[in-house]
1. Would you pick out the residues in segment 132-157 that are surrounded by 10 or more Cβ atoms within 10 Å (Cβ to Cβ) and in a loop (DSSP other than H, G, I, E, B)?
2. Where residues in segment 1-25 are more than 11 Å from THR52 (Cβ to Cβ) and more than 17 Å from the chain's Cα centre (by Cα), which of them is modelled with the highest pLDDT?
3. Please work out if GLY54 is over 15 Å from SER111 (Cα atoms) and modelled with pLDDT of 90 or more.
4. I'd like to check something: does segment 90-101 contain any residue that is in the same structural domain as LEU31 (by TED's automatic domain parsing), surrounded by fewer than 12 Cβ atoms within 10 Å (Cβ to Cβ), under 27 Å from ILE5 (Cβ atoms) and modelled with pLDDT under 85?
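The values are calculated or read from the model by the stated rules, or taken from the named source; none is laboratory data. The shown structure was predicted, so the numbers you read here are calculated from the model rather than taken from an experiment. Cβ: placed from backbone, ideal geometry, glycine included. Neighbour counts: every protein chain shown.
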Amino acid sequence: MTREIDPKLADSQAARMLSEGIARASSERGLSLRKIGALLGYKQAVVLSHMTSGRVPIPIDRAEEIAEVLEIDPAAFLQAVVRQRHPTVTWSLMGAGGDKGDGFTHELAVSLGRPLKELSQEQRAVMREVAAEPRPRRRWLTVHELTAIELLREVQPAFSSEGLGQAEMAAIRDALRAATE
C-alpha cells in the first residue's frame, strides 16, 4: 500500500530539518540512508524517506534520538516535530522557544536548525542589516532569485560593482519576454 503525501507534513520545518540533516550526514560523514536507518534501529530505511516526503509524520518520541544521530539541535528539532504533529496549537502560550515575545526567536532557531547563539558573526551582521532595512525585500534576494543573479554575474562580471546599462536591461527584458511567449 502506497501512502499519500500529506502536504502539511511535507511542508513542515521538521521535514525540512530531517531532510537537511540526512543530506549533511551523507555529505559530511558519508552515511547512507540505510546506515542512518540502522543507527536508529529501523528495519527499513525507507521510513526516513517517508518522513521527509510527508508520507508519515516524524514520531515525537524518536525526535531526540533522530536529532542526535543526524547532529541536529535536539531542542529545535523536537519543537519542530511537535509543531508538525500539532500545527494548530498556539505554542507561544506555553512559552515554547524561551522568548517572551511573539515566538520569533524560536522561529529563527527552528529555521536555522540550531540555537541562535551558533550564528556566525557574518550571519549576525546580515540579520542586523535586514532588521534595519525599511524595505528588505527590495534589497535581499529569495532563494529562487539567486540563480538568476549568479547567471548575471557570470555573463556580466562587472555587474556586481557597476550594475547594468540601459542596453543590457533592454536586452534582458526582451530575451525574457521572448522566452515566455
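1. Of everything in segment 132-157, those that are surrounded by 10 or more Cβ atoms within 10 Å (Cβ to Cβ) and in a loop (DSSP other than H, G, I, E, B) turn out to be GLU133, TRP140, LEU141, GLN156, PRO157.
2. Start the filter on segment 1-25 by keeping residues that are more than 11 Å from THR52 (Cβ to Cβ), which leaves 1-4, 6-8, 11, 13, 24-25.
With more than 17 Å from the chain's Cα centre (by Cα) added as a condition, the list becomes 1-4, 6.
Numbers: MET1: 56, THR2: 61, ARG3: 71, GLU4: 84, ASP6: 78.
Here the answer is GLU4.
3. Numbers: over 15 Å from SER111 (Cα atoms): yes; modelled with pLDDT of 90 or more: no.
Answer is no for this residue.
4. So far as segment 90-101 goes, yes, one or more of its residues are in the same structural domain as LEU31 (by TED's automatic domain parsing), surrounded by fewer than 12 Cβ atoms within 10 Å (Cβ to Cβ), under 27 Å from ILE5 (Cβ atoms) and modelled with pLDDT under 85.
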